[in-house]
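Enquirer: My questions will all concern the structure given below.
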């Protein structure tokens with residue numbers, strides 16, 4: 001039997017009162033219904049990463065700080081990622097970018113999907129920035145995304161996704177699992193050489 005595909009649902013906001021936890025739990029619940037998938041919530045806030053403090057660039061892969069080593073082990077263990085992100089000032093939250101920048105090779109040849117939320121554009125501008133970052137890290141980002149509106153998909157602080165959001169998320173997860181499986185073979189081929 002093939003080893004389960006490991007997916008991380010990365011919560012990209014650390015703000016008090018954030019909506020990322022509720023959205024991330026929704027993504028997690030739908031993803032874990034799939035056969036052959038092991039999915040985990042990975043909370044950037046729980047890792048308590050300071051502003052990037054490694055003396056060498058991440059591309060060298062030689063980390064000195066214990067928090068970087070722990071973050072590296074976490075991220076390296078997954079085949080693909082769903083980034084859950086709000087949009088702050090037309091981009092992604094600083095702590096999410098900081099967490100991404102801590103590492104380099106751990107991200108390579110994996111796949112990513114995006115679930116965003118926001119006021120005006122439902123977080124789509126944050127996702128556009130993430131797509132550029134993903135390309136630099138050799139992450140294949142899937143086309144499907146879920147863009148949640150703070151006015152339509154939330155009732156105040158309560159997350160109540162519109163009925164069609166489940167279908168949107170399922171399409172994202174279909175694409176993500178396909179690409180994550182394919183890229184697993186790429187990484188295994190590199191291990192053999």
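The values are calculated or read from the model by the stated rules, or taken from the named source; none is laboratory data. None of these values were measured; they are calculated from a predicted model. Every residue, glycine among them, receives a Cβ derived from its backbone with ideal geometry; neighbour counts consider all protein chains shown.
Enquirer: Looking at the range 56-79, which of its residues are within 21 Å of the chain's Cα centre (by Cα) and either outside any helix (DSSP H, G or I) or over 30 Å from residue 174 (Cα atoms) (or both)?
Expert: 58, 59, 61, 67, 68, 69, 77, 78, 79
Enquirer: So which residues in the range 1-18 are within 21 Å of residue 116 (Cβ to Cβ), assigned to a loop (DSSP other than H, G, I, E, B) and touching a strand residue (DSSP E or B) at 6+ places or on another chain (Cβ under 6 Å), if there are any at all?
Expert: 12, 13, listed by residue number.
Enquirer: Based on what the data block shows, is residue 53 over 19 Å from the mean Cα position of the chain (by Cα) and either touching a residue at least 12 places away in the same chain (Cβ under 8 Å) or part of a helix (DSSP H, G or I) (or both)?
Expert: Judged against the criteria, residue 53 is a match.
Enquirer: Since residue 35 meets every condition but one in (1) touching a residue at least 60 places away in the same chain (Cβ under 8 Å); (2) not in a helix (DSSP H, G or I), which condition does it not meet?
Expert: Only one criterion in (1) touching a residue at least 60 places away in the same chain (Cβ under 8 Å); (2) not in a helix (DSSP H, G or I) is unmet by residue 35, namely (1).
Enquirer: Continuing with this model, one more query. Could you say which residue among 78, 159 is under 16 Å from residue 43 (Cα atoms), touching a residue at least 12 places away in the same chain (Cβ under 8 Å) and in contact with a helix residue (DSSP H, G or I) (Cβ under 9 Å, 6 or more places away or on another chain)?
Expert: The match here is 78.
Enquirer: Mind listing whichever residues of the range 26-45 are within 20 Å of residue 117 (Cβ to Cβ) and surrounded by fewer than 15 Cβ atoms within 10 Å (Cβ to Cβ)?
Expert: 29
Enquirer: Show me the helices (runs of 4 or more DSSP H) found entirely inside the range 94-193 where at least 2 residues are surrounded by fewer than 19 Cβ atoms within 10 Å (Cβ to Cβ) and modelled with pLDDT under 95.
Expert: Those helices (runs of 4 or more DSSP H) span 164-192.
Enquirer: Only residues in the range 2-28 that are free of Cβ contacts under 8 Å to residues at least 60 places away in the same chain count as the first member; pair them with residues that are surrounded by fewer than 21 Cβ atoms within 10 Å (Cβ to Cβ), Cβ under 6 angstrom, at least 6 apart or cross-chain, and list the lot.
Expert: That search, which allows pairs on different chains as well, returns 4/36; 4/38; 28/41.
Enquirer: Further question on the same structure: Which condition number does residue 12 fail, the rest of (1) touching a helix residue (DSSP H, G or I) at 6+ places or on another chain (Cβ under 7 Å); (2) within 22 Å of residue 181 (Cβ to Cβ) being met?
Expert: Of everything listed in (1) touching a helix residue (DSSP H, G or I) at 6+ places or on another chain (Cβ under 7 Å); (2) within 22 Å of residue 181 (Cβ to Cβ), residue 12 misses just condition (2).
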